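Chemist: Attaching a single structure in structure tokens format; questions to follow.
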Amino acid sequence: MIQSMTGYGKAIVQLPSKKITVEIKSLNSKSLDLNTRVPSSYREKELVMRDRLAKSLERGKVDFNLYVEVTGEATTTKLNETVVKEYMSQLRNVVDGDEVELLKMAVRMPETLKTEREEIDEAEFKVIMNAIDDALVHINKYRTDEGKVLEDDFLLRSKKIASLLEEVITIDPQRMDNVKERLRKAVSDLKENVDENRFEQELVYYLEKYDITEEKVRLQNHLNYFNQSIQSNDSNGKKLGFISQEIGREINTIGSKSNFAPMQQLVVQMKDELEKIKEQALNVL
């Protein structure tokens, strides 16, 4: 069973005074490319979160976002009373006004508000990690579902290549007869008597040169191995990519040896199906 590298997972947790949202998105990539966005107050725990993500997702371009929304009365921003009082004292020496007006002016001054660094509550962080696990469950299910779609597409295109190969095998005798006829005509056009035995030897040489028996067998074996690999437990995109390269090598050799228009047309169709397989293999985990 294969998995796609494309996925999306989300989890939301409501605490008494906070709403925590975890969002994970992934696309295809040659390796794990993990980008995280977390509030500064949770920065010291970022490596722990990255490790959990890396172990579960393995590969892909991953964007991880942690949003923390304060919904209760708790706040880390405090009024710096000492600074405010000092501003008000200075303002009394400059302007006349009641205490309310002086306060309004004072709070607009720099450094009247201060943000206290909030220590991470371990119980709260455990809730966040559980939310990350929930989001990972969702994104991995998404990847599995996408993988099933890819698997069906791979099997369909592999079947098309196999069907085109059967057509190649069917017209191969006609191609070889065509090669023989062209060679005989070429000799006849020379209008010279030739040694029949020598001609037969040369004919055998050219027929062997154009023979594609080995390529047909290897191509079929590669297709079978590709199908088996898709459904194996150790299936991965890199492995499927390597097998696709071998399939392409045999198709190209058949095309270069064919020297027969109907067969070359079948080869072009096989190449078209293989290119689509290669493109999709880049999305496999």
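The values are calculated or read from the model by the stated rules, or taken from the named source; none is laboratory data. As the structure is a prediction and not an experimental result, all values here were calculated from the model. Methodologically, a virtual Cβ is constructed for each residue, glycine included, from the backbone with ideal geometry; neighbour enumeration extends over all protein chains shown.
Chemist: Here is a check on your reading of the model: is L150 in contact (Cβ under 8 Å) with a residue 40 or more places away in the chain, over 30 Å from E23 (Cβ atoms) and part of a helix (DSSP H, G or I)? First the steps, then the outcome.
Modeler: Working: in contact (Cβ under 8 Å) with a residue 40 or more places away in the chain: yes; over 30 Å from E23 (Cβ atoms): no; part of a helix (DSSP H, G or I): yes.
Judged against the criteria, L150 is not a match.
Chemist: Quick check, is K30 basic (K, R), at pLDDT 95 or above and under 30 Å from I230 (Cα atoms)?
Modeler: On the way: basic (K, R): yes; at pLDDT 95 or above: no; under 30 Å from I230 (Cα atoms): yes.
When the stated conditions are applied, K30 does not pass them.
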